[in-house]
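Data block below; observations after.
The values are calculated or read from the model by the stated rules, or taken from the named source; none is laboratory data. Model, not experiment: these values are computed from the prediction. Counting neighbours? That spans all protein chains shown, and the Cβs are built from the backbone with ideal geometry, glycine included. All accessible areas refer to the heavy atoms of the entire protein, side chains included, with ligands and DNA or RNA removed. Shrake-Rupley method; radii C 1.70, N 1.55, O 1.52, S 1.80 Å.
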Amino acid sequence: MARSTTRFVCQNCGAQHIRWSGRCDNCGEWNTLVEEDTASAPVGSTQRKARAGRPVALSSLSGGDDQPPRISTGVAELDRVAGGGLVRGSALLVGGDPGIGKSTLLLQAAAGLAKTGRNVIYVSGEEAIDQVRLRATRLGLEKAEVGLAAETNVENILATLGAGKPADFVVVDSIQTLWTDSIESAPGTVAQVRASAQMLIRHAKRTGAAVVLVGHVTKDGQIAGPRVVEHMVDAVLYFEGDGAHQFRLLRAVKNRFGPTDEIGVFEMSDKGLQEVANPSALFLGERDAWAPGAAVFAGMEGTRPILVEIQALVAPSPLATPRRAVVGWDSSRLSMVLAVLDAHCGLKLGAQDVYLNVAGGLRIVEPAADLAVAAALVSSMAKAALPADAVFFGEISLSGAIRPVGHEPARLKEAVKLGFSRAVSPARSASANPEGLDVTRIDSLAGLVAMIASRAPKPGGDT
Ligand code: TYD
Ligand code: MG
């Protein structure tokens, strides 16, 4: 008896179901099941008969060709996030909101590589050739020898790649527009995206080209449709930023060949993306140093120190349940800092609205930011501006103690480099104080509160 080959495939996680339902049992998303013919799907198909395998040649761990394993794109911030250049034979997925600058970034990287004599192919499934040319002209890159194609069929793309000189770098913009003849579903469905990605990844492994796939991001910040593509590629980079700011952050969320905590910082200008070699200067650029409630945090992003301003506003709340609003930091971490301030320093924040903002759209995950957050909160509450030339870092424990954090010398050095002359840091730390920096070491949060309170304007007196 012929079995039905249609399945309902979740467009979010790729799970297959026999029956349609409103919600995917696997990932819990609503309205993501779509009917697909899975008979022709190369993966997950149980329909084909098993055939006898063919032995493959085994090789040793040593050896290999003597070409450099990584190729530099000429866009240093991209190379840094990829782990020091792109790896030959690897597949990279670049995700981001529409209009954030993915196509611009990759066109710049493609042109950079073409200038060093590599064979570069840029396949656009979204834009016509003329549109890509227009962008290249705007970026001043129209002279770069990039092979351009507007194509969405994977078989055609692979035939094109196979026809000429082997490509070193291939950009496919975007994965959601691709379709292959081997699958009957519509373009953009999980089956299509997965099969297309798989064919391109196989091409990368076979020929040694570095293939970059562009993916769109859904409203909740994931690469639209199949998370499965994220598992298939070697590295996943997200390009983020918000409309209010000109700068963009490139962040690795997965990297088989490098670290995932590096960020690349760019600024979108009228001539494309400019690399920002000194992000601290950018993040501190619009600082209002004399306002209460602002503290400079000496943070780390991967191996790079970054100074960023943390702003807090504490104000009496008209609401029964006061507001807690956080941008760029973890809200449960804020609750913890507030609880410690309450329990160990006697600051009553229960009836206050608390707003916390990391300036410039940066998102901080380090616990080392605790001390800077606490300083900003106390400063706002006491209406006492912090010294404009001071940076803060340190982790706060539930007991109210300040714990040492990693990379202290790098943080202090960055502060000196940017003209800061004071630092407030954890007491129990062995590193030496750099020249020209007055380092105040504190061991408890109460010590910080006392320090800031002594700067508060005296009631009735002048400041
Ligand atoms: P784009 O690379 O098309 O974004 P994506 O591929 O992620 O959708 O970037 C488009 C935006 O960038 C658009 O709003 C215009 C802006 N832009 C500049 O500001 N300067 C430039 O030089 C370029 C090329 C684009
Ligand atoms: Mg684009």
Proximal lysine pairs, the chain, alpha carbons under 29 Å, eight or more residues apart or interchain:
24
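When every alpha-carbon pair in the chain is counted, what percent end up more than 35 Å apart?
Working: 47976 of 106953 pairs.
It works out to 45 percent of all Cα pairs.
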Crossing angle, helix 408-417 versus the chain [Cα axis fit, 0-90 degrees, rounded to tens]
80 degrees
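Would you calculate, for the chain, the mean residue ellipticity at 222 nm contributed by helices, counting each DSSP H stretch of 4 or more residues as -39,500 (n - 2.57) and dividing by all residues, to the nearest 500?
Details: 11 runs with 115 residues, N = 463.
After summing the helix terms and dividing by residue count, I get -7500 deg cm²/dmol.
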Using the Karplus curve 6.51 cos²θ - 1.76 cosθ + 1.60 with θ = phi - 60°, what ³J(HN,Hα) values do you get for each residue of region 307-313, in whole Hz, with x for Gly and Pro?
8, 9, 8, 10, 10, 10, 10
Given the C-alpha centroids of region 283-314 and region 146-221, what is the distance between them in whole angstrom?
41 Å
Between 0 and 90 degrees, rounded to the nearest ten: what's the tilt of helix 370-382 against the longest Cα principal axis of the chain?
50 degrees
Contour minus end-to-end for K254 and A76, with contour as 0.36 nm per residue of separation and end-to-end as the Cα-Cα distance?
62.2 nm
How many Å² of accessible area per residue for the chain, probe 1.4 Å?
47 Å²
Say R0 is 45 Å: what FRET efficiency, to the nearest 0.05, do R138 and R54 get from their beta-carbon distance?
0.30
Hey, with R₀ at 60 Å, roughly what FRET efficiency would T116 and L319 work out to, going by the Cβ-Cβ distance, to 0.05?
0.50
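For T207 and A128, what is the calculated FRET efficiency with R₀ set at 25 Å and r taken between the beta-carbons, to the nearest 0.05? Kindly include the intermediate steps, with their values, before the conclusion.
Details: r = 27 Å, r/R0 = 1.08.
Efficiency, from the Cβ-Cβ distance: 0.40.
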Cysteines without a disulfide-compatible partner in the chain, using Cβ under 4.7 Å as the rule?
C345
Please calculate the 1.4 Å probe accessible area of E145, with all protein chains present, and give it to the nearest 10 Å².
150 Å²
Calculate, in nm to one decimal, what A289 and N156 gain on full extension: separation in residues at 0.36 nm each, minus their alpha carbon distance.
42.1 nm
